[in-house]
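A.B. asks: The structure follows.
The values are calculated or read from the model by the stated rules, or taken from the named source; none is laboratory data. Since we're looking at a predicted model, the values are computed, not measured. Reconstructed Cβ throughout: ideal geometry from the backbone, glycine too, with neighbour counts over all protein chains shown.
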Amino acid sequence: MNYENLKKQSPSIDEWLKEAKNDPVSLQEGMFLVHNGVVRQSPKAKVRQGIDDGSLVKGMEFVYDASKVDVFIEETYKMDGIFHVRVWLNEGYLKLGDDIMYVLIGGDIRPHVVDALQFLVGKIKSECVTEIEQK
């Protein structure tokens with residue numbers, strides 16, 4: 001499959017926040033957190049497991065299962081104090097520095113929002129995406 005042509009345009013976080021704050025439910029929200037994952041040069045094995053084979057990442061092939069992502073978004077909405085969830089995932093061949101994903105969580109208090117962001121990003125990374133590093 002030719003992944004080069006799939007890469008998407010990154011969203012505007014300013015627009016996302018503006019839309020979220022214009023939603024009537026935002027009156028219950030005291031915090032928004034944004035996660036922006038990007039393609040890094042250090043291989044995942046090095047930063048996660050300390051395994052350094054001397055290689056460097058030049059890019060990655062990235063695909064995801066949208067239906068699984070939707071399931072986890074719905075689960076996130078069921079968490080205490082969470083009123084806003086938005087996810088954008090790139091796809092295709094991504095170069096160093098390219099955006100992999102954006103996740104925006106809005107909720108009532110910091111602990112709820114932090115927990116929801118940790119949950120959703122963790123589920124997306126572990127159960128919804130395939131990342132193939134190109135070295």
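A.B. asks: Quick check on my filter: what residues within the range 104-135 are surrounded by fewer than 13 Cβ atoms within 10 Å (Cβ to Cβ) and among the basic types (Lys, Arg)?
C.D. replies: ARG110, LYS135
A.B. asks: Among (1) closer than 20 Å to GLN9 by Cα; (2) in contact with a Lys or Arg (Cβ under 9 Å, 6 or more places away or on another chain), where does ALA66 come up short?
C.D. replies: All conditions are met except number (2).
A.B. asks: Which pairs have Cβ atoms under 8 Å, sit 6 or more apart or on different chains, and link a residue in the range 53-65 that is more than 15 Å from THR130 (Cα to Cα) and polar (S, T, N, Q) to one that is surrounded by 14 or more Cβ atoms within 10 Å (Cβ to Cβ) and modelled with pLDDT under 95?
C.D. replies: Close Cβ pairs satisfying both conditions: SER55/PRO43.
A.B. asks: For the range 1-102, please list each of the helices (runs of 4 or more DSSP H) lying entirely inside it that holds at least 2 residues being modelled with pLDDT of 95 or more.
C.D. replies: Those helices (runs of 4 or more DSSP H) span 13-22, 66-77.
A.B. asks: Search the range 57-98 for residues being within 14 Å of the chain's Cα centre (by Cα) and polar (S, T, N, Q), and hand back the single one that is surrounded by the fewest Cβ atoms within 10 Å (Cβ to Cβ).
C.D. replies: THR76
A.B. asks: May I pose another question? Counting only residues that are of a type in the set (Gly, Ala, Ser) and closer than 26 Å to GLU61 by Cβ, how many does the range 107-135 have?
C.D. replies: Within the range 107-135, residues that are of a type in the set (Gly, Ala, Ser) and closer than 26 Å to GLU61 by Cβ number 2.
A.B. asks: Okay, next question. Before we move on, is MET101 buried (at least 16 other Cβ atoms within 10 Å of the Cβ) and within 22 Å of GLN9 (Cβ to Cβ)?
C.D. replies: Spelling it out, MET101 is indeed buried (at least 16 other Cβ atoms within 10 Å of the Cβ) and within 22 Å of GLN9 (Cβ to Cβ).
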